[in-house]
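One structure is given here, and the rest of the page talks about it.
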Amino acid sequence: MDKEYFLVIDIGGTKIRSAIGDNRGHLLKKVKSFTQAKAGAKTIINDLFAMSDQVINLTGIDPSILKGIGISFGGPVDFTKQKILRSQHVSGWNNLNLAKIFSAKYNVPAIIDNDANVAAFGEKIFGSGKKVDNLFYLTISTGIGGGIILAGKIWHGAHSLAGELGHCIIDRNGPNCLCGKKGCLEALASGTGLARNTIADLKKHPQLKTKIKGLVSNKLDQITAITIYQAARQDDPYAKKIVDQSIANLALGVSNAINIFDPEMIVIGGGITNEGEMFFEPLKKYVSQFSMFKQSFSIPIVPAKLGDDAGLKGALALISQS
C-alpha cells in the first residue's frame, strides 16, 4: 500500500487539534490549542488554518500531495449535507459547511462527521475494532456519546442522529439532563452526572459520612468522578454504592444497544476507562444480567485504544477510507 498523506482536524469544546496522518494510521506531527469558544466560529476557523499550515510545515511535506482532509466535530453534524447542525459551546457553527471551507482553502476533498461517529470509525479501522465489522462505541466523560458501525461503515440513521445512547431515558423520574429531559443515561452515568448527583445528595443529606468529603476538604463543589472512584478504592461504602449504581445504569444502556443492534463488540472510551477492572468488571456483570441473549454468546466489552488521538485518528480513518 503506497503511503498517502491527509490533513486531519479535531474540534472540541475545550481544545482544537490539527495533524498530518497517513493511510496506515500514523500521525506524523500534531499541534493543539485551546478553543476560543467566546470568540466564535470564524476565529476558530482562522486558528485552525494557522495550525494546519504550521503542522504542514513541521512535517515538511508539499501541501500539494495531500489527498484530503478529515474533520471531527464535537456536536451534531448532518453527514449527508456535510453541515454542522449546531454547537452547544460556540456561536457561528449552525448550518455551516466546514468541509467545503477547508476544501476550498487547501484544494483537496474534505469530509466532516460528529466526534463520536468519527471515534467509532477510528476504532474500527485503527483501534480495538479492527477484526470486527459491527460494533457499538461509547465515550464516557463529561457526557456520553455513541457511534454505531454496521457492516464496516458508520450508521448515521435517517437524520444523522443515530448512536445518541446518552440521551436514551433510563429513569423518567431521574435527574435533569442538560438536553432538557429527565433521567437520560448521560445524567445518570457520565462522569459529570456521577459528580453532580453525588454533590446534590451530600448537600441534601449533610449527615452522611463518606471519605469523599475528606478528599475535597469538605468543599463539595470540587467533587469529581475521579474523587468518587478514589473513595471507592478506599472501601468507602457510600462511594462504592454510588459507583455501582452508576455502572448499573450504564449497563442498562449498553444492554439495550446489544438487544437492538446485536454487535460483535462494545468499545468504550473516555476517562472512565482509566479505572480499569473496577469499572469493566461490574459493567460486564450487569450487562450479562440485563441483555436478553447475552447468556448464549460472548460479546467483548473492551476499552478503546486510540485515547486522546481518537478524534484525529478517527478523522484520518474517515477521509482515508472515503
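The values are calculated or read from the model by the stated rules, or taken from the named source; none is laboratory data. Note that the structure is a prediction, hence the values are computed from the model and not measured. For neighbour counting, all protein chains shown are included, and Cβ atoms are generated from backbone atoms with ideal geometry for every residue, glycine included. Calculation scope for accessible area: heavy atoms of the full protein, side chains included, ligands and nucleic acids excluded. Shrake-Rupley method; radii C 1.70, N 1.55, O 1.52, S 1.80 Å.
So the values come out like this:
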| quantity | calculated |
| --- | --- |
| Criterion: assigned to a helix (DSSP H, G or I), closer than 21 Å to Ala310 by Cβ and either open to solvent by 10 Å² or more (accessible area, probe 1.4 Å) or not acidic (Asp, Glu) (or both) - qualifying residue of Leu48, Leu58, Leu7, Leu28 | Leu48 |
| Some residue of the range 82-101 being outside any strand (DSSP E or B), at pLDDT below 95 and touching a Pro at 6+ places or on another chain (Cβ under 6 Å) | yes |
| Cβ pairs under 6 Å, 6+ apart, first in the range 127-155 and surrounded by fewer than 24 Cβ atoms within 10 Å (Cβ to Cβ), second part of a strand (DSSP E or B) and at pLDDT below 95 | none |
| Flag for Lys83 being surrounded by 18 or more Cβ atoms within 10 Å (Cβ to Cβ), charged (D, E, K, R), without any contact (Cβ under 8 Å) to a residue 40 or more places away in the chain and under 19 Å from Ile319 (Cα atoms) | yes |
| Residues of the range 290-306 classified as surrounded by 13 or more Cβ atoms within 10 Å (Cβ to Cβ) and either over 19 Å from Asn259 (Cα atoms) or over 17 Å from the mean Cα position of the chain (by Cα) (or both), total | 9 |
| Scope the range 156-191; condition open to solvent by less than 20 Å² (accessible area, probe 1.4 Å), assigned to a loop (DSSP other than H, G, I, E, B) and either within 25 Å of Val302 (Cβ to Cβ) or in contact with a helix residue (DSSP H, G or I) (Cβ under 7 Å, 6 or more places away or on another chain) (or both); matching residues | Ala162, Gly163, Gly174, Cys177, Ser190 |
| Candidates Ala104, Ala120 - the one that is part of a helix (DSSP H, G or I), under 28 Å from Asp2 (Cα atoms) and either touching a Gly at 6+ places or on another chain (Cβ under 9 Å) or polar (S, T, N, Q) (or both) | Ala120 |
| Residues satisfying the stated conditions in the range 213-270, i.e. without any contact (Cβ under 8 Å) to a residue 24 or more places away in the chain and open to solvent by less than 40 Å² (accessible area, probe 1.4 Å) | Lys213, Val216, Leu220, Ala231 |
| Any hit, the range 60-68, residues being free of Cβ contacts under 8 Å to residues at least 60 places away in the same chain, among the polar types (S, T, N, Q) and more than 22 Å from Ala317 (Cα to Cα) | no |
| Given (1) under 29 Å from Ile71 (Cα atoms); (2) polar (S, T, N, Q); (3) outside any helix (DSSP H, G or I), number of the condition Ser298 does not satisfy | (1) |
